[in-house]
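**Q** Take a look at the following structure, please.
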Amino acid sequence: MPKDIFLNGAAAFEVSLAHHLPGRLRLRAAALKGNARAGETMKERLATIAGIRSVTVNPETGSLLLEYDPAAIAPDRIVALLASRGFVFSTAEAAEAGAEPRLLDRLMGAIKGWAFDALAEHLAFAIIGAIA
């Protein structure tokens, strides 16, 4: 059973990054597993963030999926907004330098990978078009 965490008198949720793709951010939260009420609280806290298209909570797996508009909100801004709404990145995420820099590194690495793949695909189609 996860221990209770509080920020400014309100319950906080310890989360960890499961994966990120531009427009999709999946988090895991032990407090969510088997707890639909915690899922509703999480959804309520995230519903007011401009740029978030949808929030899907799965209490069976303990995951939270944020779908967002990458043109409207940057991943680093999402991290700051999550923190302001009572989401604390787990100690596993919190390397000695702190959770936010490590999480941002992972998010930015995923974005760079996606951009590189998109560029490579575009280049491949251009070469095929030039040959044909």
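The values are calculated or read from the model by the stated rules, or taken from the named source; none is laboratory data. Computed from a predicted structure; not experimentally measured. Ideal geometry is used to build each Cβ from the backbone, glycine not excepted, and the neighbour counts take in all protein chains shown.
**Q** So Val55 passes all but one of these: (1) in contact with a helix residue (DSSP H, G or I) (Cβ under 7 Å, 6 or more places away or on another chain); (2) in contact (Cβ under 8 Å) with a residue 24 or more places away in the chain; (3) over 13 Å from His20 (Cβ atoms). Which condition number does it fail?
**A** The one condition Val55 does not meet is (2).
**Q** Where in region 20-132 are the strands (runs of 3 or more DSSP E), entirely inside, with at least 1 residues that are of a type in the set (Ser, Thr, Tyr) and at pLDDT 90 or above? Don't jump to the end; show me each part of the working.
**A** Details: elements: 24-28, 52-58, 63-68, 87-89.
Once the strands (runs of 3 or more DSSP E) in region 20-132 are filtered for at least 1 residues that are of a type in the set (Ser, Thr, Tyr) and at pLDDT 90 or above, what remains is 52-58, 63-68.
**Q** Find the residue count for region 58-67, including only residues that are within 13 Å of Ala18 (Cα to Cα) and either of a type in the set (Asp, Glu) or in contact with a strand residue (DSSP E or B) (Cβ under 7 Å, 6 or more places away or on another chain) (or both).
**A** 5
**Q** From the list Ala50, Ala74, Ala36, pick out the single residue that is of a type in the set (A, V, I, L, M), out of contact with any strand residue (DSSP E or B) (no Cβ under 7 Å at 6 or more places or on another chain), more than 20 Å from Val88 (Cβ to Cβ) and surrounded by 15 or more Cβ atoms within 10 Å (Cβ to Cβ).
**A** Sole residue among the options that is of a type in the set (A, V, I, L, M), out of contact with any strand residue (DSSP E or B) (no Cβ under 7 Å at 6 or more places or on another chain), more than 20 Å from Val88 (Cβ to Cβ) and surrounded by 15 or more Cβ atoms within 10 Å (Cβ to Cβ): Ala74.
**Q** Next up: Take region 53-71 and flag every residue that is surrounded by fewer than 18 Cβ atoms within 10 Å (Cβ to Cβ) and in contact with an Asp or Glu (Cβ under 8 Å, 6 or more places away or on another chain).
**A** Arg53, Ser54, Thr56, listed by residue number.
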